[in-house]
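Visitor: Okay, here's the structure, questions in a sec.
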Amino acid sequence: MTEPSDPAGAAEALLRAQGRVPPASVTPLVSVVRSGEQFLIIPPSDGEPSASALGRILLEWGYEVPRAQYGAFQAFLRDNNGLLATSPVAGLTYHGTYTVFQQSERSLGSFRTIWGLESLKLLEDMSAQVADPKNKWGEAVKALMGFRDPDYTAGRSQVILQLAAATLIETAKPPG
């Protein structure tokens, strides 16, 4: 419980209410979880080229960078974009880090890093590379993530997009 900003005023209000405290109130939380539960990703056939120049799946990290680190962040990107683009994971592509020019939701972060993947399994392969302290590419990815604002109120998001042409979409059954 937090202290009132005006203790004397709060005490006076309690006296005027003759010691009655208004009952506690509760507002139900409406939670919306959006997942790809109605989608099935069609795995690529052996040797089949990607159905998109960006990849079958796009992973977008949204985040804030503390203003005091903007200069260091931009210098890091200038110095390491080439290294980040040389992913040791076949089928995983770094498409760059972008500043958000316009968005409708402030809580999503002001920067986006975009990755292209041919399969979801590549997320596990990426994690293994990042966990290896001897892997220069993995260290660069960790350094990139290290610029994210650690404040829990800072904007942050993650979006995974799957190519519609490589997706089985459940259709409504005809009535009958």
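Visitor: Within the range 88-176, considering only strands (runs of 3 or more DSSP E) that don't extend past its boundaries, which have at least 2 residues that are surrounded by fewer than 19 Cβ atoms within 10 Å (Cβ to Cβ) and at pLDDT below 90? It would help to see each step written out before you state the result.
Guide: Working: elements: 92-99, 111-117, 156-162, 167-169.
Hits in the range 88-176: 156-162, 167-169.
Visitor: May I pose another question? Return the residues of the range 59-87 that are part of a helix (DSSP H, G or I) and closer than 21 Å to L120 by Cβ; say none if nothing qualifies. Explain how you work it out, then say what you get.
Guide: Initially, the range 59-87 is screened for residues part of a helix (DSSP H, G or I), giving 67-84.
Result: L84, single match.
Visitor: May I pose another question? Just name the residue that is nearest to the chain's Cα centre (by Cα) out of those in the range 53-84 that are closer than 21 Å to L163 by Cα and surrounded by fewer than 19 Cβ atoms within 10 Å (Cβ to Cβ).
Guide: In the first step, residues of the range 53-84 are kept if they are closer than 21 Å to L163 by Cα; the result is 53-62.
Subsequent filtering for residues that are surrounded by fewer than 19 Cβ atoms within 10 Å (Cβ to Cβ) retains 53-54, 58, 60-61.
Details: A53: 22, L54: 18, L58: 12, E60: 6, W61: 4 Å.
This residue is W61.
The values are calculated or read from the model by the stated rules, or taken from the named source; none is laboratory data. Everything quoted here is computed from the prediction, not taken from an experiment. FYI the Cβ positions are ideal-geometry reconstructions off the backbone, even for glycines, and counts take in every protein chain you see.
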